[in-house]
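Colleague: Take a look at the following structure, please.
The values are calculated or read from the model by the stated rules, or taken from the named source; none is laboratory data. Everything numeric here is computed off the predicted structure, so don't read it as measured data. Here the Cβ positions follow ideal geometry from the backbone for every residue, glycine too, while neighbour counts run over all protein chains shown. For accessibility, only protein heavy atoms count, side chains too; no ligands or nucleic acids. Shrake-Rupley method; radii C 1.70, N 1.55, O 1.52, S 1.80 Å.
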Amino acid sequence: MTPEIKRVGAFEGLPAFPATSRVKAVPTGPLARILFRGSPAAAASVSAVFGAPLSTVPMRAGEAGGRAALWLGPDEWLLIGRDGEGEAILAAIAGAVAEPHSAVDVGHRNTGLVLSGARAVDVLNAGCPLDLHPSAFPIGMCTRTLLGKAEIVLWRQAADRFHIEGWRSFAPYLLGFLAEAAREYA
Amino acid sequence: MSQTFRRPEGGRIKRNKPVAFRFDGRALTGYEGDTLASALLANGVHLVGRSFKYHRPRGILTAGAEEPNALVTVSRDAARSTPNLRATQVEIYEGMTAESQNRWPSLAFDASAVNDLLSPIFVSGFYYKTFMWPAKFWTSVYEPRIRAAAGLGKAPELPDPDRYQSRFAHCDVLVIGAGPAGLAAALAAMESGARVILCDEQAEMGGSLLSDPDVTIEGQSGRQWSTDVIMALALSDRVTCLTRTTAFGYFADNFVALAERITDHMATPPASSPRERLWQVRAKQVVIATGALERPLVFPENDRPGILFADAARTYLNRYGVMAGRKTVVATACDSAYLAALDLHRAGVEVPAILDIRREGGALTAAARAAGIRVETGATVTGTRGRLRVASVEFGHVQADGSVRHDAVLPCDSLLMSGGWTPTLHMFSQSRGKLRYEEVTGRYLPGRSAEHERSAGACNGTMALGAVLDEGYAAGENAARAAGLATRGTKTFAVAGATTPDGQVLGALPHDRNPGRVKAFVDFQHDVTAKDIKLAVREGFRSIEHVKRYTTTGMATDQGKTSNMNALAIAAGALDKPIPAVGLTTFRMPYTPTTFGIFANTSRGDLFDPVRRTSTHDWAAAAGAEFENVGMWKRAWYFPRQGESMHAAVDRECRTVRAAVGIFDASTLGKIEVVGPDAAEFMHRIYVNPFLKLEVGRCRYGIMCRDDGFVYDDGVVGRIAADRFHVTTTTGGAPRVLSHMEDYLQTEWTDLKVWLTSTTEQWAVIAVQGPKAREAIAPLIEGIDLSKAAMPHMSVRMGTILGVPCRLFRMSFTGELGFEINVPAAYGKAIWEAVHARVVALGGCPYGTEAMHVLRAEKGYIIVGQDTDGTVTPDEAGVGWAVGKSKPDFVGKRGLARADLLKPGRTQLVGLATVDPKVVLEEGAQITPDADPAPRTHAIGHVTSAYHSAVLGRSIALAMVERGRSRLGETLHVPMPGGAIAVTVVDPVFYDKEGGRLDP
Amino acid sequence: MLLITCPICGPRPEIEFRNMGEAHIARPTPEGTSDDDMAAFLYLRSNPKGLIAERWRHVHGCARFFNAVRHTVTDKFVTVYEVGAPKPDLAALAADLAADLAAREAGR
């Protein structure tokens, strides 16, 4: 690839998030992302080659070897891998999944950030209408939902760490919304 | 004067923390823990406002949220000024500035008080009766003057500089109110392990226990018991305790809105802190423990400053160490006023008499007499005197026939009254629970529930403290159990020293005065008297909802918290009907006035709505582009050069595209990847066009209808592989097209193996259009043969551009040779810059959406949503050729065949050429056959697009006109305010009719 | 804000959903459908005061379409079910609701 062809991330040039000891938001940087759609049988075939298992239990993420498969719907999973793995993942799926399916590269459509800290739940609940208590939204749970006026995919990676995915053009809104909610914890 | 009415000890104020504040410019002091009302009373200030209509002097009437009189404006600066706050709820802070309202030039001398003398004409319905004619005067003269005269506080004119936040919260049990019932409920819920939210509108939890020195609970003082319970709740990580937090709205499915006031009580709020937080609580179960509000007695001149509710006076004494006066008469129908009298008496206040309307007195009559207080039973107040403060009370005894015999005048400086207690039903009623009327006690109480809630304590009609605590605990236990938790069962509290406030009266009291002359106020804030309500009934109003609106009783900012029951009783009496037959007015949210800021919350400025920008946005901004909003997107509108007008810039951009080449950001177009073995079959059904035979690598302009046969969206579709299509939609249509497609897949054609993925934001789309388009991109592209033969018009190829993978479409929305380069979005800016350099080198330029619109209109290409409006078929829009006539089914096929859509006379897309080529028509303008149509003439069409075309040197327009295609050559007219514009109906393709430029 | 039970995701807030109109209105085939039947399919809806079977989509969740029976006066959802499942007996559900209400009245 020609060296001068620069990739511009969705969070580049945005005001810095007021990171504090109680909450911080860090963009994930580029990741490989494949939106996989198909039957549970097709998903099982993907699990075998992708590494991380595609859950058939609603709203659960499977994670292994630096890859994750987030259940989004009964026929829809968001597969996340390291930057640069997209082509290889697509090729692996094409080679291994005999069942009818759809696999589409959304690595540039989506953009991600990790919100963490003791106040992460409070900051999220400024705009996310879901119950984020561990009893209702345990570690490993993921779902599409809303943050303010933007749709997100929310995935709880740890008690106080969430991976948030949104569409690229919503990045300034998402970061701005979270920063506004986090102001009082600065 | 410094707090001469403050007792030397007692109360819960912090005496070591004096607080200086100003009221109407006067420097005063109070203590931390004071409300503005308690601090004013401590300084002997009763007069705090003027009434709404008569501008009568008014004092502090209550000690809580129900306050109708003491409305003040509290200001930190010009922008931070909040009107209509209840002084009884405002906490003072060092340096606070508060102003009274509705008086001019001053509170003590109010020029509008002349209204009081004119009161015989200010009867109910006065406005409706007087300001009827002429009608246009209402908005121009009457209403502004009435509003100026009967003003509440003034809203600040500057933008609100404060910040507001919101929080979605969930719990097993929400307890509304932290008085004894609420505390007991929260305690029970906590002990079950439930997630609990407990909120209270006051600065301190405890409710009535805070102002009751006499009671003991479980062997401790009531105050100590509540302190211990609050501590236990606060220490539990499963309980969220919210003070200064008003539950103001109860919505469906136990969704309750709370307003938390975070900084209003602080002298210097931290800059990082929001002023208020909106809590949107979803509770599995709710315990309503909102208590009860005392009612006034309706006797003549019951509104003078110095007259206040008995329990309010007791609260001021016991909680704030403030005496409402030094010589205090008490008038009551309820035992609770005796407690106030006894406490005041004990504190050294002279109590000349207790006037008990009840013939037999009450439970504490003997105790009061034993304490040396004169008690008159069967006695009532017949009038009061005093200009700016009550100075004496007239009283008499009610005779056997109901008349009143005047007895004596009692000099005093304050008068306490209690008509009994009204359960606070707002939350229950807002939850759509059904009220029931309890005949014996004359109260409305919670009846059948509509939500998962229960009421406990005084709001449920339970007044004895022991029963309140037991009921509260049981409610908390019941709620936790209903939420699925194991509980320990109910509990009985040992209580001593409590007096149950029995006794009440509803409606106006009898007196010996001329009923036409006296004012006995029911609604203090709106100046509605007993005779106003009777007049409304005499004038024929029967429904309490009509009486309310005619008299305006209960319609002030206090929503009639102290007045509704008395008004209802008076109306019922006048109608000679039982109270439940007249009915109660609706309890509406918010419970107390709530700031606009908390509703707007963070939805302002940059966060008002997401602003979506493409990957070339910063480049375009730096290049001086003007932007337009398209949905949430910002799109480059045109690129003016130094000193260039919009018109000149658009003309230049259009000419450059036609003569050389232009570069345009088309990234906002919706994109959907349709994948699966049945992808072609799906496309065949969802679009009007045939798709089964579209070859891989070829594109088709697709038209999508709804089942009604009307055009829904359009866009170019490329077949990437046998089982994969790259679909584009309009910018605004992307979400609804995806939803429309998913709908048919999920609910109609569930057998099809095909899946959809939005790729709108995956791709940055760079359109290169113009005769030099191929030349512009050729050096940058690898792996694609761009020659005319290898890559014909309407084809798509995969390759790379500067090493970046791309999908290259050969297509045109300008009528020129054109390409659209799709690259992964993060590369969009870099690729744009590289292509732009090539374009500029060939004499080209970037162009914006305005030039794009002109260029496509010159070619007669429609924009769905601009040239169509949801009632236009493909044929009518001029794209009937796209419809696959031989397809057995497609979305819209049967709809298009309906007789109504085949009727002659429907509109069709045509071009319009103005007779004067310089005149540009207005989009949306109506079209008529005659230049000067008679009024109500039917328009035969309307202009949908109109521009100046630089290339053609004249204006052009598209229009939908009845039988338009049969009118080619006809002259029609576009009537405008300055006269009709003559137009000729022409073919909608204005430029390059043969289409040779598309494929040179 | 209503709490709506998605058949797949469970109870979720109303703002994640879109109402998609009345359910069980079958799309006619192009052949053999009269203009009146087509107009009824396109434009006529029952708009009852009481129970209605509706289409909903959990658009900001699993994105699935599903059906639900809702009471148009109280906004209470009586049942939810998957696309393709038969239409519930609304009259029977209404009778159950009435009986439940009567039982609560009697029990109070």
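Colleague: Do you know which residues across the range B:237-266 are within 13 Å of another protein chain (Cβ to nearest Cβ) and assigned to a loop (DSSP other than H, G, I, E, B)?
Modeller: B:237, B:238, B:252, B:253, B:254, B:262, B:263
Colleague: Which of the residues that make up the range C:41-71 are in a loop (DSSP other than H, G, I, E, B), open to solvent by 30 Å² or more (accessible area, probe 1.4 Å) and away from chain A (no Cβ under 14 Å)?
Modeller: Correct list: C:44, C:45, C:46, C:47, C:48, C:49.
Colleague: Given (1) assigned to a helix (DSSP H, G or I); (2) at positive phi, where does residue B:432 come up short, assuming only one miss?
Modeller: Only one criterion is unmet by residue B:432, namely (1).
Colleague: Oh, and also: Give me the residue from the range B:932-974 that is at pLDDT below 95 and farther than 24 Å from residue B:901 by Cα and, out of that set, surrounded by the most Cβ atoms within 10 Å (Cβ to Cβ). I'd like the intermediate steps shown before the answer.
Modeller: At the first step, the residues of the range B:932-974 found to be at pLDDT below 95 are B:932-938.
Subsequent filtering for residues that are farther than 24 Å from residue B:901 by Cα retains B:932-936.
Numbers: B:932: 10, B:933: 15, B:934: 7, B:935: 4, B:936: 5.
For the range B:932-974, the residue satisfying everything is B:933.
Colleague: Oh, and also: Taking only pairs six or more apart or across chains, which ones have beta-carbon atoms under 8 Å, a first residue in the range C:25-40 that is more than 10 Å from every other protein chain (Cβ to nearest Cβ), and a second residue that is assigned to a loop (DSSP other than H, G, I, E, B) and surrounded by 10 or more Cβ atoms within 10 Å (Cβ to Cβ)?
Modeller: Listed pairs, sorted by first residue: C:25/C:45.
Colleague: Which of the residues that make up the range B:703-724 are more than 10 Å from every other protein chain (Cβ to nearest Cβ) and in contact with a Phe, Trp or Tyr (Cβ under 8 Å, 6 or more places away or on another chain)?
Modeller: Result: B:703, B:704, B:705, B:714, B:715, B:716, B:717, B:718, B:719.
A quick yes/no check of all residues on (1) surrounded by fewer than 17 Cβ atoms within 10 Å (Cβ to Cβ); (2) under 21 Å from residue A:115 (Cβ atoms); (3) more than 14 Å from chain B (Cβ to nearest Cβ):
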{"position": "A:28", "(1), (2), (3)": "no, yes, no"}
{"position": "A:31", "(1), (2), (3)": "no, yes, no"}
{"position": "A:43", "(1), (2), (3)": "no, no, no"}
{"position": "A:56", "(1), (2), (3)": "yes, no, yes"}
{"position": "A:85", "(1), (2), (3)": "no, no, yes"}
{"position": "A:93", "(1), (2), (3)": "no, no, no"}
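Colleague: Test each condition in (1) open to solvent by 10 Å² or more (accessible area, probe 1.4 Å); (2) touching a residue at least 40 places away in the same chain (Cβ under 8 Å); (3) of a type in the set (Lys, Arg) for residue B:58 and report the one that comes out false.
Modeller: Of the numbered conditions (1) open to solvent by 10 Å² or more (accessible area, probe 1.4 Å); (2) touching a residue at least 40 places away in the same chain (Cβ under 8 Å); (3) of a type in the set (Lys, Arg), the odd one out for residue B:58 is (1).
Colleague: Now a separate question. Any chance the range C:84-92 includes a residue that's over 30 Å from residue B:447 (Cβ atoms), within 10 Å of chain B (Cβ to nearest Cβ) and surrounded by fewer than 17 Cβ atoms within 10 Å (Cβ to Cβ)?
Modeller: Yes.
Colleague: Identify, from the list B:931, B:959, the residue that is in contact (Cβ under 8 Å) with a residue 40 or more places away in the chain, in a strand (DSSP E or B) and of a type in the set (Gly, Ala, Ser).
Modeller: Values: B:931 fails: in a strand (DSSP E or B).
The match here is B:959.
Colleague: Within the range B:644-679, how many residues turn out to be outside any helix (DSSP H, G or I), within 14 Å of another protein chain (Cβ to nearest Cβ) and touching a strand residue (DSSP E or B) at 6+ places or on another chain (Cβ under 7 Å)? Working first, answer last.
Modeller: Of the range B:644-679, the ones outside any helix (DSSP H, G or I) are B:644-645, B:660-678.
Within this subset, residues satisfying the condition of being within 14 Å of another protein chain (Cβ to nearest Cβ) are B:665, B:667-678.
Those left that are additionally touching a strand residue (DSSP E or B) at 6+ places or on another chain (Cβ under 7 Å): B:665, B:667-676.
Here the count works out to 11.
Colleague: Being under 27 Å from residue B:44 (Cα atoms) and crowded, with 23+ Cβ neighbours inside 10 Å: is that true of residue B:415 here? First the steps, then the outcome.
Modeller: On the way: under 27 Å from residue B:44 (Cα atoms): yes; crowded, with 23+ Cβ neighbours inside 10 Å: yes.
So residue B:415 fits the description; yes.
Colleague: Note down all Cβ pairs under 9 Å where the first residue falls in the range B:19-45 and is at positive phi, the second is part of a helix (DSSP H, G or I), and they're at least six residues apart or on different chains.
Modeller: B:33/B:319; B:33/B:320
Colleague: With open to solvent by 30 Å² or more (accessible area, probe 1.4 Å) and farther than 25 Å from residue B:5 by Cβ as the only criterion, which of B:451, B:438 stands out? Show your work before the answer.
Modeller: On the way: B:451 fails: open to solvent by 30 Å² or more (accessible area, probe 1.4 Å).
When all the criteria are applied, what remains is B:438.
Colleague: Sticking with this one: Within the range B:785-810, which residues are open to solvent by 20 Å² or more (accessible area, probe 1.4 Å), on the phi < 0 side of the Ramachandran plot and not in a strand (DSSP E or B)?
Modeller: B:785, B:787, B:788, B:789, B:790, B:792, B:793
Colleague: Now for a different question. Kindly list, by first and then second residue, each pair from a residue in the range A:119-141 that is over 18 Å from residue A:23 (Cβ atoms) and more than 9 Å from chain B (Cβ to nearest Cβ) to a residue that is buried (at least 19 other Cβ atoms within 10 Å of the Cβ) and aliphatic (A, V, I, L, M), limited to pairs with Cβ atoms under 7 Å and residues at least 6 apart or on different chains.
Modeller: Partner pairs satisfying both residue conditions: A:140/A:61; A:141/A:59.
Colleague: In the range B:267-303, which residue that is basic (Lys, Arg) and not in a loop (DSSP other than H, G, I, E, B) is farthest from residue B:462 (Cα to Cα)? Spell out the reasoning first.
Modeller: Filtering the range B:267-303 for residues basic (Lys, Arg) gives B:275, B:277, B:282, B:284, B:295.
From the residues that got through so far, the ones that are not in a loop (DSSP other than H, G, I, E, B) too are B:277, B:282, B:284.
On the way: B:277: 32, B:282: 27, B:284: 24 Å.
Top of the filtered list is B:277.
Colleague: Looking only at the range B:615-630, how many residues end up being β-branched (Val, Ile, Thr) and assigned to a loop (DSSP other than H, G, I, E, B)?
Modeller: Within the range B:615-630, the subset β-branched (Val, Ile, Thr) is B:616, B:630.
Checking which are assigned to a loop (DSSP other than H, G, I, E, B) leaves us with B:616.
Final tally of qualifying residues: 1.
Colleague: Further question: Among the residues of the range B:832-884, write down those that are in a loop (DSSP other than H, G, I, E, B) and over 45 Å from the mean Cα position of the chain (by Cα).
Modeller: Applying the first criterion (in a loop (DSSP other than H, G, I, E, B)) to the range B:832-884 yields B:842-844, B:847-848, B:859-879, B:883-884.
If the condition is that a residue be in a loop (DSSP other than H, G, I, E, B) and over 45 Å from the mean Cα position of the chain (by Cα), then B:842, B:843, B:844, B:859, B:883, B:884 are the ones that fit.
Colleague: Let me ask something additional. For the range A:149-168: of the residues being in contact with a helix residue (DSSP H, G or I) (Cβ under 9 Å, 6 or more places away or on another chain) and facing chain B (nearest Cβ under 7 Å), which is surrounded by the fewest Cβ atoms within 10 Å (Cβ to Cβ)?
Modeller: Out of the qualifying residues, it is A:149.
Colleague: Go through the range C:1-40 and give me each residue that's open to solvent by 30 Å² or more (accessible area, probe 1.4 Å) and in contact with a Cys (Cβ under 8 Å, 6 or more places away or on another chain).
Modeller: C:8 - this is the single residue of the range C:1-40 that is open to solvent by 30 Å² or more (accessible area, probe 1.4 Å) and in contact with a Cys (Cβ under 8 Å, 6 or more places away or on another chain).
Colleague: Out of all the residues in the range B:258-290, which are open to solvent by 20 Å² or more (accessible area, probe 1.4 Å) and among the small types (Gly, Ala, Ser)?
Modeller: B:267, B:271, B:272, B:273
Colleague: So residue A:146 fits all but one of (1) more than 11 Å from every other protein chain (Cβ to nearest Cβ); (2) under 27 Å from residue B:602 (Cβ atoms); (3) part of a strand (DSSP E or B); what number is the exception?
Modeller: (1)
Colleague: Still on this structure, please answer the following. Do we have residue B:155 as touching a strand residue (DSSP E or B) at 6+ places or on another chain (Cβ under 7 Å), modelled with pLDDT under 95 and more than 26 Å from residue A:123 (Cα to Cα) here? Spell out the reasoning first.
Modeller: On the way: touching a strand residue (DSSP E or B) at 6+ places or on another chain (Cβ under 7 Å): yes; modelled with pLDDT under 95: yes; more than 26 Å from residue A:123 (Cα to Cα): yes.
Yes; evaluated as a whole, the condition is true for this residue.
Colleague: If you don't mind, there's one more thing I want to ask. So which strands (runs of 3 or more DSSP E) are wholly in the range B:38-103 and hold at least 1 residues that are within 15 Å of residue B:308 (Cα to Cα) and of a type in the set (Val, Ile, Thr)? Give the steps one after another, and end with the answer.
Modeller: Details: elements: B:47-50, B:57-59, B:71-75, B:81-86, B:96-100.
It comes to B:47-50.
Colleague: Still on this model: Which of (1) surrounded by fewer than 22 Cβ atoms within 10 Å (Cβ to Cβ); (2) touching a strand residue (DSSP E or B) at 6+ places or on another chain (Cβ under 7 Å) does residue B:190 not meet, given it meets every other one?
Modeller: (1)
Colleague: Which of the residues spanning the range B:901-958 are in contact with a Pro (Cβ under 7 Å, 6 or more places away or on another chain) and under 20 Å from residue B:710 (Cα atoms)?
Modeller: Correct list: B:909, B:910, B:940, B:958.
Colleague: Output the qualifying pairs, or none if there are none: Cβ atoms under 7 angstrom, residues six or more apart or on different chains, first residue in the range B:987-1000 and assigned to a loop (DSSP other than H, G, I, E, B) and at pLDDT 95 or above, second residue open to solvent by less than 40 Å² (accessible area, probe 1.4 Å) and hydroxyl-bearing (Ser, Thr, Tyr).
Modeller: Within 7 Å, the pairs are B:990/B:949.
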